[in-house]
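Read the structure below first, then the notes.
What follows is calculated from the coordinates using simple rules that are stated; it is not laboratory data. A quick note: this is a predicted structure, and the numbers were derived from the prediction, not measured. Positions of Cβ are generated from backbone atoms using ideal geometry, with glycine treated the same way; all protein chains shown enter the neighbour counts.
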Amino acid sequence: MTSATNTRAAGHQSNVELPFWAWCTAVAFCTTLFTAAVPITTAVYDVPLLVAFAICTVQSGSLILTIFRPLVGAAVHLASIVALALATRGFSEGPWPLPVTGLISLGALILLLGIRERWIVSLTVWWVSIVVLAAVIAASPAQYASPDQWGSNLIIYSSYTVTVLAAAIAVGQRARIRSDLARARRDIELEHAQRLYVEERGRIARELHDVVAHSMSIIHMQAISAPFRLRDAAPSAIEEEFTDIARSARTALSEMRHLLGALRSGDEDADLLPQPQLTELSELAQSASRAGTDVEMVTDPRAFTASSLVQLTAYRIVQEALSNVVRHAAGAPTTVRVSVGEESVLIEVRNVGPGRVTGAAAGMPIVDRGGQGLRGMRERVSLLGGHVTTGPTPDGGYLVTAVLPAAIESRVETP
């Protein structure tokens with residue numbers, strides 16, 4: 001509804017606006033018409049000067065009014081033509097009911113409406129002008145008795161204005177089609193920009209979630225379980241635990257800075273920063289182990305030959321899956337397998353059972369809102385043409401499986 005209203009408003013505004021040269025042409029034409037109409041009307045038809053001046057002023061000014069208010073301007077112009085015909089009847093020397101200036105001004109009105117308005121408007125005004133002139137003739141018995149005078153005048157008017165009308169409609173429709181096409185292109189460009197905006201917001205949301213969620217989950221689990229795991233630990237073990245927490249926090253902050261740097265238009269080096277690859281999965285396993293979740297990592301070395309985008313996507317999938325294990329099944333033994341198919345990389349993250357959190361920490365609530373990680377995981381995989389399946393296993397655990405299309409080299413050296 002709003003879009004249609006805006007479109008109509010834009011069309012109306014475009015009808016009002018004219019280039020400078022068009023305004024100069026319109027003003028020059030109306031000035032010339034007025035300058036010629038007054039002496040012709042007074043000299044040929046013996047119309048009083050004040051009456052001729054008033055009629056010709058309305059006749060010329062209504063053309064300018066038509067630019068702003070087409071229907072009002074057309075009605076005023078037709079009224080001035082009726083007044084001119086009534087004022088000049090009774091004189092057999094000149095053409096009637098339309099003097100030469102009347103023929104010219106009505107032709108200009110039809111031309112203006114045909115170019116700037118819908119064809120139905122200009123055609124209707126043309127028919128109305130014919131009817132009005134016929135009514136004036138019928139209301140003038142003395143002139144009606146002389147068909148030679150008004151007949152030739154009416155034939156000349158209708159024949160030349162119908163040609164002007166056809167040409168004006170053709171030009172106006174061409175301009176209108178071009179305007180509609182330009183508006184359609186602008187709408188398509190706007191929709192494309194909006195779609196890119198939404199996609200970029202989704203990408204930023206995925207990156208923020210992937211960067212923050214894993215590290216924060218590890219820090220959260222280490223923090224809430226530390227009082228129970230380290231109750232009787234040596235000071236060196238306690239120091240190492242807090243060092244690990246600080247390291248996880250620094251890692252999250254560093255990745256956040258890199259992401260924010262990539263979002264700044266002036267930071268050209270941000271896109272050149274290295275992205276996580278499959279060779280760094282062991283660090284994910286170690287961070288999950290520090291949070292109390294044992295992770296077994298099985299990786300096919302051929303997966304390291306996949307493109308950096310595929311490796312980054314696989315890394316993020318494993319990262320999110322391990323984060324979910326830490327949040328929802330802390331302590332559950334987890335296996336991560338990265339294998340290679342004919343033209344794909346397969347990722348499988350499986351945890352066994354609901355997890356084991358010992359001590360008083362088992363009764364502590366784990367705050368999680370969920371939903372964003374799995375959705376971001378599916379969006380990442382779908383961009384590569386792959387698919388993800390998630391769901392519980394018969395033993396009470398959970399399984400995440402992803403298949404990523406990728407070109408894999410058949411021979412590879414183990415890194």
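Annotations
- Taking every alpha-carbon pair within the stretch 78-139, the share separated by more than 19 Å comes to 31 percent.
- Highest mean first, the peptides 42-48, 57-63 sorted by other C-beta atoms within 10 Å per residue fall in the order 57-63, 42-48.
- Listed residues 137, 58, 147: farthest to the positive end of the dipole of the stretch 2-190 (Cβ charges): 58
- As a proxy for reagent exposure, ranking 115, 218, 137 by other Cβ atoms within 10 Å from fewest up yields 115, 137, 218.
- Both numbers refer to the Cα atoms of the stretch 2-190; Rg and Dmax are 18.6, 65 Å.
- Annotation note: GluC sites (Glu not before Pro) in the stretch 318-355 located in DSSP loop regions with a Cβ neighbour count of at most 11 within 10 Å are 342, 343.
- Distance between the stretch 145-167 and the stretch 15-52 - C-alpha centres, whole angstrom: 21 Å
- Rounded FRET efficiency, nearest 0.05, which uses the C-beta distance separating residue 155 from residue 196 and R0 of 60 Å: 0.45
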